[in-house]
Structures are given as C-alpha cells and as structure tokens.
Amino acid sequence: MTRATDIIESSDISIPTLFAERVRRSPGSPAYHHYVKKEECWRSLSWSDTAVLVDRWRAGLQSEALGRGNRVAVLLPNGINWVCFDLAAQSLGLVVVPLYANDRPDNITYILEQTESRVLLCLGPFFRERLAMTLGSLQALQRIILVEEDPSPSLAPSTDPRVVELDTWLPVDGQQAGAFPAAEDLATIVYTSGTTGRPKGVMLSHRNMVSNAAAGLSCIPIYPDDLLLSFLPLSHMLERTAGYYLPMMAGASVAYARSIQLLSDDLAERQPTVLVAVPKIFEKLHSKIRIKLAEESPAKQQLFNHAADIGWRSYLRRQGRASWSPNLLLHPLLDALVGRKVRGRLGGRLRVVISGGAALSFEVARTLIGLGITIYQGYGLTEASPIISVNRIEDNRPEGVGLLLPGLAAKTGEFDELLVRGPNVMLGYWRNPEATAAVLDAEGWLRTGDTARIEDGHLRITGRLKEILVLSNGEKVSPTDVETAIAADPLFEQNLVIGEGRPYLTVLAVLNAELWQQLAAQMGVPADEASLADHTIRAMLLKRIEGCLKHFPGFAWIKDIHLSLNPWTIEQGFLTPTMKLRRKNILSAFHDEVERLYQA
C-alpha cells in the first residue's frame, strides 16, 4: 500500500511562502506539539492555529518600526515561540539571527554587536543571570523580549527600558502578511561554532534553505502522518532545515522535546516516527546499553551480541549486500527478545533516524541497525544549508555519508579537499569578504575544509584538512577518525588525540564515571581520579584503546594516555555550542599534561 504524500514541490520560494502554502493545504492538520510548563500538559496546534499565532508575532514586530533587512535575534530553546518568531520575522523581510541557548555570554554579545541586531527574544532567567550585565553597550539593540516560563511575583523588574515581557509585548490581534520576501533574499545569519577563533556569520537565503529541504525530502520520504521529535537546537542548521522546514514542506508534524534530560520520557510518550540527531545521542544510547549489558549474565550478553550480529546480517541481506544464511532464521525470535525492547526505549515507532553534524562510529551504527534502529548517516556544513549528502533507504552504507543530494555537484581539489556547488551554498560570510573569498570561488565552488573520496557514488569523508596531524616521521593521521573509533568504547566519554610534530600519538581522555566505578570495583582500586595516574591502570586502558584501533595502521595507535573524570564543557571553553572540541583551548589548558606524555 502506497502512503499518501502532500509535498510542496517548488523549491524556489521563500520560507513564508512555503508556510502560507502549507496552511492553505492543511489548515486543520496537526503541525506542532509542545509542552506548556504552567499547565503541566502537552498542547497541539494545527497549521491554521499556528498561522493565527504568527500573525500576532508579526504585529508585535511591526510595532518596533523595523525595516526590511534589519536583523533580529532569537535565543530560546526549541518550541512554538521560536517557530512563530522566525516565521513572522521572515514574512516582514527581517533577517533572523539564531543564537545557542548554551553559548557563552561574551560570544552572544559579539554576535549581537556584529549583526547590529535590533530585537532579542530570550528566556528571562538566562537574561537576568547571564546577559543583563553584558548588553548595555549594544546601541543597536532596541528591544529585549523576555519569555518567562515560571513567572514569580518576587522577581524585580529590569531597570533596562528596552526589556519587556512577552505576555505584555505580544498583541492580542494579529496582522496579515504583506509582500513576502523573494527567494534570493537574505533570510538568516547563522554563526558557525568557531572551533579555532571567533565564529563567522553564514549568510543563507530563502532559496538556500528551501532548496536544501526539498532535495533532502527527495532522498528520504517523509509523510503527513509522520511525527518528528525535535531536540537538537533550532540554531543548528541540521535541525532547522531537516527538523523544521522539511516537515513543513512534507506536511508532517513536530513535537518539541521538553529537555535533553527528559528526552527518554518524551520519546516513550510522543512515540516519534522520525528522529534527527547527532552521533553523541547514539553513542550515549550505545553506552547505556553496554553499561546495562555488563551487569547481565554471560548468557544474556551472548544473546544480545548474537541478536545484533544476525540483525545486521539480515539488514545487509535486505539491502542486497549479503547472501542468505541459515542463521537468519533466528532473526525474528532474536528481534522479539532483544531488538524490540531496545526500540521500545525510543518509542517503538521510529521509521527513519538521521545522524549528522559529526562522524558516527561504524560500530555504534552497526549495533543499532542490527537491533532495528535504522540510522541514515549524512554529511553537511552550515555553509551548505547544511545537507550535502545522505544515505538512502534502499542503499544505506553507514561507514560513509551517502550519495550527494540531487542538484549538487562535487569534486576534490588540492590535498583531496571536497568542493561542492549547488543552490544550497551560502551567499557568503556576514561583513567578511576576505573569509568569503577564501572558501567560495567565482564559479560558486565551496571549499568544505574536509578531505574526501567518492566510491561507487558514495561519499567518504577522510579527515579535516586543518586537523590532519603530521607526525615527526611524516605519517599523516586524521584525529577525528581515531577519536571516533575510541569513542565506540563507552568507557571513554570524551577524547582528544595529539601528535602534531610528535613521534607518536597520545590521547587526553575523560572516562564515563559510572563505568569507571564498575571497572575500579572489579580491579579492587579506589574509583577516584588519583587511581587514574597508576601505570597499571593506564596500561590496561591503553590495551582497550588498542582493541578499538585494531583496523588502523600501526603509526595511528595510541602510545600513552592522560585520564580524567571531569567532563569538558562549553563554560570552560573546551566545547563549542554544538559540542565539538575546541582543540586549541584544550591543548592549552592541558599543556603540562601533554608534555609529560612525551617526556619518555
């Protein structure tokens, strides 16, 4: 039986036009589901309900005397307020600047200042606790709208005349839209993570994002009865395109997760059919499974491994890449005993799971796919709106990042750097022509900074051009590949590989505290940080890493390790808001520890 589709075909329109067409086609269909904290319950909005709300937000923004092209910023968790602000602002020709709700205040202030944002929408507690003291110097900022999820009469009103609460600011009556912006107009400025310095503002047009959503939808079908659970930040282009504009184009609905902490509860309660996530989510799931499995009997451990192995073989058989085996007769029974229970933790209805934003460990993907959680790994970057490639349902090879999206061209340049061209490639960097010229040539080819190769049409990312480590013997190593392999062992929560100009590789690693406690108990040693300096323990953990790297050449093996139980955080400056490692900052902070690893 063929499922009904209702895809808005045109990719050469603005986002407000896309939304208006969806409202026209599906006025009464479910659009968004969100949790109302004050009422302690979930609420649903149809497309027409959402349009009424957007009209109110449009009236509020019009009262601020803003002109087309003015920038307005949003610093909120995912939710209906984010969506309405975005759609209303873009319908007026305003340029939306999304900010990360977990970013550092100095970085937020820098972005607001550089974009000369006129309006900021922000959570009240975040503003009072982290931003109030830093925004006084921003002369362009004329209005700060605070969302108060837990209003308290004891809160002292702000003395900043620009500050107003959303409930006061948002008009009761809406304002109908006028002339929508053109597809080629600037729609948003999205700041990159900035792993090595100040972030750059990526300028994306309406056409960039809409065409990317349309191309993605042509690769993996999404239907009107699909439900997506949104928890990646909407300030991240993967979530914004694949988890917001794409379901709007398909007529699917979106539920906004309450928080990462409640993600497991929301998965079980909302039972999504589509999930867009980064590898860290799957690594944590894999880690939790392995932690629980370590407490089980050898027989149950063997049953689990057998289920994952035969499930993977069954999947390859369905893909046409493996022959039939008598063991496959056991797959239905093993899936009922193991796979179904694991899928139940994710709601039990997942049909499509997209992984992007970083490299996904093949071991993690293989295990989860073997248990019936079908992950389709993709690749992209903010400058490409962001999707460049993705695996297909009929040809899913998780060791790579899939086939190029329709309408994109790719080639490799000097040092095997991947270059791409297509309607999704950015307009340039905001007020930074030098940086733009460095990555975007006159013919529209975007330098991705990633090295790659293409095999049978499938794209394989082999490393990051700037991050390739060159050992003192001339051997070249991609630290990301090694780090991804190490991360497949759930004991290693975070790790950073070192070796530039050195005779061999070493690693800084943060251990999973729960797993370390279990391991320490088995070894009869204290589960504290001091024990991690013990030579015997370090040698044992290096042996575990050796097992992770058994398919790597000898020069890519780790020779020494520094261990810690203190996770690296955004607040320390060790992670970007998208959870990527700030290598320079970490190496600077651990300079003495690194030097000790090479003293021998």
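Coordinate-derived values only; no laboratory data. Since the model is a prediction, treat every value here as computed from it, not as a measurement. A quick note on method: Cβ atoms are made from the backbone with ideal geometry, for glycine too, and the neighbour counts reach across all protein chains shown.
Of 209, 237, the sequence from fewest to most neighbouring Cβ atoms within 10 angstrom is 209, 237. Here r is the Cβ-Cβ distance between residue 441 and residue 12 and R0 is 25 Å; the resulting FRET efficiency, rounded to 0.05, is 0.60.
Using the Cα centre of segment 1-118 as origin and beta-carbon charges of +1 (Lys, Arg) and -1 (Asp, Glu), tell me which of 28, 14, 77 is placed farthest towards the positive end of the dipole. Ranked along the dipole, the leading option is 28. Work out the FRET efficiency for residue 456 and residue 129 from their Cβ-Cβ distance, taking R0 = 51 Å, and round it to the nearest 0.05. Efficiency for this residue pair is about 0.45. Specify the angular offset, from 0 to 90 degrees and rounded to the nearest 10, of the alpha carbon long axis of helix 80-91 from the longest principal axis of the alpha carbons in the chain. So the inclination is approximately 60 degrees. Placing unit charges on the Cβ atoms only, positive for Lys and Arg and negative for Asp and Glu, gives segment 275-413 a dipole magnitude near 340 debye about its Cα centre. Note on residue 592/residue 104: beta-carbon distance plugged into 1/(1 + (r/R0)^6) with R0 of 22 Å gives a FRET efficiency of 0.35.
Both radii are taken from the alpha-carbon atoms of the chain; with Rh as the Kirkwood radius, Rg/Rh is 0.96.
Dividing the summed helix terms, -39500 (n - 2.57) for each DSSP H run of n ≥ 4, by the number of residues in the chain produces a 222 nm estimate of -9500 deg cm²/dmol to the nearest 500. By the beta-carbon count within 10 Å of each Cβ, the least crowded to most crowded order of 96, 342, fewest first, is 342, 96.
Available extension along the chain between residue 416 and residue 137 is 95.9 nm, counting 0.36 nm per residue and deducting the alpha carbon span. DSSP finds beta bridges in the chain, and of those with both partners inside it, around 50 percent are antiparallel.
Here the spin labels are modelled as points 7 Å beyond Cα on the Cα-Cβ line, and at residue 198 and residue 544 they lie 4.2 nm apart.
Here the label points at residue 531 and residue 300, each 7 Å from Cα along the C-beta direction, are separated by 2.3 nm in the simple model. At a Cα cut-off below 12 Å, give the aspartates and glutamates reachable from residue 37, other chains included and same-chain residues fewer than 8 away excluded. Result set, ordered by chain and number: 148, 149, 150. Placing unit charges on each Cβ (+1 for Lys and Arg, -1 for Asp and Glu) gives the chain a dipole about its Cα centre, and among 59, 405, 95 the Cα reaching farthest toward its positive end belongs to 405. Segment 186-245 has equivalent-ellipsoid semi-axes of 25, 14, 9 Å, by the square roots of 5 times the alpha carbon gyration tensor eigenvalues, sorted largest first.
Excluding same-chain neighbours fewer than eight residues apart, the aspartates and glutamates reachable from residue 580 by a Cα-Cα span under 18 Å are 103, 239, 283, 383, 450, 467, 481, 483, 493, 571. Remark: spin-label model distance residue 173-residue 329 equals 7.6 nm, labels positioned 7 Å along the Cα→Cβ axis. Counting 0.36 nm for each residue step from residue 569 to residue 3 and taking away their Cα separation leaves a gain of 199.3 nm.
Taking 0.36 nm per residue of sequence separation and removing the Cα-Cα distance, the residue 394/residue 599 pair yields an extension gain of 68.6 nm.
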